[in-house]
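Please read the structure below before turning to the comments.
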Amino acid sequence: MTDLAEVAGVGVRQLQKIFMDQFGMTPSQYVRNMRLDGVRGALIASESDATVSDIAFRWGFNHLGRFAQYYEQKFGESPSKTLREHR
């Protein structure tokens, strides 16, 4: 968060306020949503030997239980269902 604020030329609190005003979420929620979108795209376009775990790790999700929870909240289905339905 500090690095991002520095690059933006604002303080951490100002960065949080800007994100909340513009996107209705914190910077970390915004980044997580971007990564979740990336995982979904990778699951949909995956090769037959790809696993949910491999794709989630590639996108920086290290806690698979928490990742699956975030994914299901955002997309309304489990990541394994997305993978299964797009093979």
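Per residue, how much accessible area does the chain show when a 1.4 Å probe rolls over the protein heavy atoms, in square angstrom? Could the numbers behind the result be given before it?
Details: 5780 Å² over 87 residues.
With the other protein chains kept in place, the chain gives 66 Å² per residue.
Using the alpha-carbon positions of the chain, Rg (one decimal) and Dmax (whole number) come out as 15.2, 45 Å.
Atom-type composition of the exposed protein surface of the chain places 50 percent of the accessible area on carbon and sulfur (1.4 angstrom probe). Helical content alone sets the calculated 222 nm signal of the chain at -21500 deg cm²/dmol, taking -39,500 (n - 2.57) per DSSP H segment of four or more residues and averaging over every residue. Within the chain, the whole DSSP H helices whose Cα atoms reach 15 Å or more along their own axis and whose mean Kyte-Doolittle score is at least -0.5 are 12-23, 27-44.
The values are calculated or read from the model by the stated rules, or taken from the named source; none is laboratory data. Quantities reported herein were computed from a predicted structural model and do not represent experimental measurements. Remember, those area values only see protein heavy atoms, side chains included, never the ligands or the DNA or RNA. Shrake-Rupley method; radii C 1.70, N 1.55, O 1.52, S 1.80 Å.
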